[in-house]
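The values are calculated or read from the model by the stated rules, or taken from the named source; none is laboratory data. Here the structure is a predicted model, which is why all the values come from computation and not from measurement. Cβ placement follows ideal geometry from the backbone for every residue including glycine, while neighbour counts extend to all protein chains displayed. These area figures cover heavy atoms from the full protein model, side chains too; ligands, DNA and RNA do not enter into them. Shrake-Rupley method; radii C 1.70, N 1.55, O 1.52, S 1.80 Å.
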Amino acid sequence: MPGYELFGAEERKEVNDVLETGILMRYAFDGPRKGIWKAKELENAIQETFGCKYAQLTSSGTGALTTALAAMGVGVGDEVIMPTFTFVASFEAVLSVGAIPVLVDVDDTLTLSPAAVKAAITPRTRCIMPVHMCGSMADLDALLAIARENGILLLEDACQSIGGTYKGKALGTIGDAGTFSFDFVKMITCAEGGVVMTNDASIYTKADGYTDHGHDHLGVDRGADLHPFIGYNYRISELHAAVGLAQIRKLPNFLAIQKRNHAALKAHLEAIPGVAFRRVPEGGDDSCSFISWFLPTAEQTQAAVEEMRSQGILAGNFYWYNNNWHYIRKWDHLKQAGALHRLSPEQTNALQQLGSSDFSVSDKVLSRCVSTAISLAWTPEQIKEKGEKMAAVIRKVL
Ligand SMILES: *Cc1c(COP(=O)(O)O)cnc(C)c1O
């Protein structure tokens, strides 16, 4: 997945353009910046590459989720339905706007189960937030139908699935808004960065102001901008945007390599009876950043993980069930409502209930799943060696 693996002269050139002028900020300084607008250029490239009307860069993917929620008007007392399997950023963003994260089960797509979403809808539900984990996607048609039926918003967290598509459209451009992360380990990186994508002019205008202290960006004099609403600082810098600009131009190449390496490694695992793979919803095209595979039982899966560990080949294989960052089982800080500042009583109450909620459906999926990250840097010989070693481990435990 990570673009940092193919970092080079192109990124250095874009960053140097910025260093030459010394204008490291994306706004203002029109004269001294000598026509260099890397953030603006990257936003245009995102719109073109992914086919959305508007793109607003942010300082991180977490900032993009927070901005999107605020721009969609999600706030205090609103419930946001999100999956039990995601990155901690999902609930961080929801809590930061004062809303209540409602966690529901995932299915064999490793993303939101539409049935679980349906069952969790209440009169306070404002938004459904599918997270397209590990390169592939949620069943977006089913989720959009539920959202429309109930008059609620859909925000796609596509941070891990840059380059994946669903029915011909880029992930992240299908809901009311969508986000990517450009942190250091994502498909394309800015070092740190993110983007909110939308086709809705009003959501875009609000996202644009929200990331820059509420500035309306209407005049030519930044100091004279008006502030129609309260914002924060989630700006990206020109240096970060410059790295992203070089990376987005390489994305077609990254994806081609990734798909080739994915297919070559998957061939080794596919040949083993008893190994199954995550379900990609019909009409979906996986970005192939991971191969997520299942063994028949949790015990066999844990044995395979232990065997890979003892053979020293565990690196790049993620057993999410025991992971501190991505699965609810280990989110004790969340279940204890362990915030530094006071949360609303509704938030605290909802979080404390998570500790006793039944997520056995998610447990059944995640306890049998391992995701193998696909590297852009592998040689064919390395893939063959890796595939053969993994296959031997799996055959041993089955
Ligand atoms: C990386 C990631 C984010 C957050 O992105 P940052 O840029 O690291 O803040 C959000 N959601 C998911 C699913 C991610 O993988």
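Once Lys and Arg get +1 and Asp and Glu get -1 on their Cβ, which of L103, T86, G31 lies farthest toward the positive end of the dipole of the stretch 1-128?
Of L103, T86, G31, it is G31.
Please check: in the Gaussian network model of the chain (C-alpha springs, under 10 Å), which one of L69, L251, L155 has the largest mean-square fluctuation.
L251
Which residues' amide hydrogens lie under 5 Å from the amide hydrogen of T84, considering only partners 5 or more residues apart or on another chain, with H built in the peptide plane?
V104, V106
Can you tell me what share of the DSSP beta bridges in the stretch 3-250 is antiparallel? A percent to the nearest 5 is fine.
Numbers: 13 of 28 bridges.
Antiparallel: roughly 45 percent of the beta bridges in the stretch 3-250.
Considering the dipole of the chain built from charges on the beta carbon (Lys and Arg +1, Asp and Glu -1) around the Cα centre, which of M72, Y4, P296 is farthest to its positive end?
Checking the options against the dipole of the chain, the answer is P296.
Per residue, what accessible area does the chain have, given a 1.4 Å probe and all protein chains present, in Å²? Display every interim value, and only then the final one.
Details: 16460 Å² over 398 residues.
Using a 1.4 Å probe on heavy atoms only, each residue of the chain averages 41 Å².
Carbon and sulfur atoms: what percent of the 1.4 Å accessible area of the stretch 331-392 do they account for? Can you show the working numbers first?
Details: 1760 of 3430 Å².
Taking all protein chains in place, the stretch 331-392 shows 51 percent carbon and sulfur surface.
Could you please state how large a percent of the accessible area of the stretch 3-250 is carbon and sulfur, counting protein chains only and using a 1.4 Å probe? Walk me through the numbers before you get to the answer.
Numbers: 5050 of 8980 Å².
After summing per-atom areas, the C and S share lands at 56 percent.
Starting from the Cα of K167, draw a straight line to each of the lysines and keep only those under 21 Å, dropping any in the same chain fewer than 8 residues away.
Hits, sequence-local ones excluded: K53, K259.
Suppose only helical runs count, i.e. DSSP H with n ≥ 4. What mean residue ellipticity at 222 nm does that imply for the chain under -39500 (n - 2.57) per run, divided by all residues and rounded to the nearest 500 deg cm²/dmol? Could the numbers behind the result be given before it?
On the way: 13 runs with 158 residues, N = 398.
After summing the helix terms and dividing by residue count, I get -12500 deg cm²/dmol.
Give the shape of the chain as rounded, prolate or oblate, defined through the alpha-carbon gyration tensor: a ≥ b ≥ c are the square roots of its eigenvalues, a/c under 1.5 means rounded, and otherwise the shape is prolate if a/b is larger than b/c and oblate if not. Could the numbers behind the result be given before it?
On the way: a/c = 2.02, a/b = 1.25, b/c = 1.61.
Cα axes put the chain in the oblate bin.
Cα-Cα over 19 Å: which of K186/K386; K38/K250; K118/K206; K330/K389; K330/K386?
On the way: K186/K386 22 Å; K38/K250 16 Å; K118/K206 29 Å; K330/K389 30 Å; K330/K386 29 Å.
K186/K386; K118/K206; K330/K389; K330/K386, as the Cα separations exceed 19 Å there.
Rounded to the nearest 20 debye, what is the charge dipole size of the stretch 191-243 about its Cα centre when +1 sits on each Lys and Arg Cβ and -1 on each Asp and Glu Cβ?
On the way: 3 positive and 8 negative charges, 16 e Å.
The calculation lands at about 80 debye.
Would you kindly compute the Cα radius of gyration of the stretch 149-287 and its largest Cα-Cα separation (Dmax), both in Å?
Reported Rg and Dmax, both Å: 19.0, 67.
If you average the alpha carbon positions of the stretch 83-110 and of the stretch 325-398, how far apart do those two centres end up, in angstrom?
The two parts, judged by their Cα centres, are 13 Å apart.
Using +1 at the C-beta of Lys and Arg and -1 at the C-beta of Asp and Glu, which of G244, V185, L140 has the Cα lying farthest in the positive direction of the dipole of the stretch 3-250?
After comparing all options, I get G244.
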